[in-house]
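Asks: I have a structure here, written as structure tokens, and I will follow up with some questions on it.
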Amino acid sequence: MFRFRLVAIIAPLIALALGSFWLFEVLRRAGDEAMPPPERKEPDFYVENFSYVKIGKTGKAQYHFSGAKMTHNPQDDSYDIVLPVINSVGKESGRGPMVVRAERGTVNNDNSQIHLYENVQLDRPATANAQAMHVRSEYMLVLPDDDVVKTDKPVKISVGQSVLTGTGMVANNATRELQLSNNVHGTYQAPQR
């Protein structure tokens, strides 16, 4: 009889303990599903010595983008680039290719904007219709799909022996237009014939 009473007391206690454990697990799992996963702050991957070629709608190469290291940031789906180099390929219209390089850069999530920082240099080699051009600044925004380069920082532009300096620039390789915004100074040297 004593054993029967002991079993009658212990059995409900064991059932209560198991039920409490089950209820705790159900509530914990429901809480985990309701809470969003923690936001990643650290880069999730990187690529060294990468090379990327953008193909245009015509099926021809539009530009070539390379660098020493590319790191992906999952927070905003952007990329940080070490030693970026962008080669704009000369199109059918006869305009020359441009090469832009810098110490570091960032690319937005849809690859439409490339921000270049520190010792940014833009070079366009001489063509049959134009002299070589060299541009230096500490910052440039490249819009590769539009073949446009912009900056709001001081720039130095050398075309042949001529030199222009100013603050703020828009260079459109598609239309071959170059605009300087402020504090423009220049020295013009006529090309030799």
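Asks: S93 fails exactly one of the following numbered conditions: (1) open to solvent by 60 Å² or more (accessible area, probe 1.4 Å); (2) at pLDDT 85 or above. What is the number of that condition?
Replies: So S93 meets the others, but not (2).
Asks: Since V53 meets every condition but one in (1) open to solvent by 70 Å² or more (accessible area, probe 1.4 Å); (2) aliphatic (A, V, I, L, M); (3) more than 15 Å from the chain's Cα centre (by Cα), which condition does it not meet?
Replies: Only one criterion is unmet by V53, namely (3).
Asks: OK, next. Test S181 against the stated conditions and say whether it is open to solvent by less than 50 Å² (accessible area, probe 1.4 Å) and in a strand (DSSP E or B). Walk me through how you get there before you give the answer.
Replies: On the way: open to solvent by less than 50 Å² (accessible area, probe 1.4 Å): no; in a strand (DSSP E or B): yes.
Criteria not met by S181.
Asks: Would you say D32 is surrounded by fewer than 10 Cβ atoms within 10 Å (Cβ to Cβ) and modelled with pLDDT of 85 or more? Let's see the steps before the verdict.
Replies: On the way: surrounded by fewer than 10 Cβ atoms within 10 Å (Cβ to Cβ): yes; modelled with pLDDT of 85 or more: no.
Spelling it out, it is not the case that D32 is surrounded by fewer than 10 Cβ atoms within 10 Å (Cβ to Cβ) and modelled with pLDDT of 85 or more.
Asks: Would you check which residues across segment 128-144 are more than 17 Å from G105 (Cα to Cα) and either modelled with pLDDT of 95 or more or assigned to a loop (DSSP other than H, G, I, E, B) (or both) and list them?
Replies: Selection gives A128, N129, A130, Q131, A132.
Asks: Could you tell me which of the residues V170, V120, V99 is buried (at least 17 other Cβ atoms within 10 Å of the Cβ) and either closer than 27 Å to G56 by Cα or under 26 Å from the mean Cα position of the chain (by Cα) (or both)?
Replies: Exactly one of V170, V120, V99 is buried (at least 17 other Cβ atoms within 10 Å of the Cβ) and either closer than 27 Å to G56 by Cα or under 26 Å from the mean Cα position of the chain (by Cα) (or both), namely V120.
Asks: Can you pull out the residues in segment 37-50 that are modelled with pLDDT of 80 or more and open to solvent by 80 Å² or more (accessible area, probe 1.4 Å)? Write out each step before concluding.
Replies: Step one: filter segment 37-50 for residues modelled with pLDDT of 80 or more, giving 42, 44-50.
E42, F45, Y46, E48, N49, listed by residue number.
Asks: Among the residues of segment 69-90 satisfying the criterion of being modelled with pLDDT of 90 or more and part of a loop (DSSP other than H, G, I, E, B), which is farthest from the chain's Cα centre (by Cα)?
Replies: L83
Asks: How many residues are outside any strand (DSSP E or B) and free of Cβ contacts under 8 Å to residues at least 60 places away in the same chain if we restrict to segment 159-178? Please lay out each step first, then the result.
Replies: Step one: filter segment 159-178 for residues outside any strand (DSSP E or B), giving 160-161, 173-176.
Narrowing the set further to residues that are free of Cβ contacts under 8 Å to residues at least 60 places away in the same chain leaves 160-161, 175.
The number of residues fulfilling the criteria is 3.
Asks: While we're here: Check off (1) in a strand (DSSP E or B); (2) open to solvent by less than 60 Å² (accessible area, probe 1.4 Å); (3) not aromatic (F, W, Y) for S112 and give me the number that stays unchecked.
Replies: Single failed check for S112: (1).
Asks: If you don't mind, another one. Across segment 148-167, what is the number of residues that are buried (at least 16 other Cβ atoms within 10 Å of the Cβ) and of a type in the set (K, R)?
Replies: So the count comes out to 1.
Asks: Could you grab me the full set of residues in segment 123-147 that are among the β-branched types (V, I, T) and open to solvent by 20 Å² or more (accessible area, probe 1.4 Å)?
Replies: From segment 123-147, those among the β-branched types (V, I, T) are 127, 135, 142; that's our starting set.
Across segment 123-147, the qualifying residue is only T127.
The values are calculated or read from the model by the stated rules, or taken from the named source; none is laboratory data. This structure is a prediction, so every number in the text was calculated from the model and none was measured. Glycine also receives a Cβ, built like all others from the backbone with ideal geometry; neighbour counts cover every protein chain displayed. Note: areas computed on protein heavy atoms with side chains; ligands, DNA, RNA excluded. Shrake-Rupley method; radii C 1.70, N 1.55, O 1.52, S 1.80 Å.
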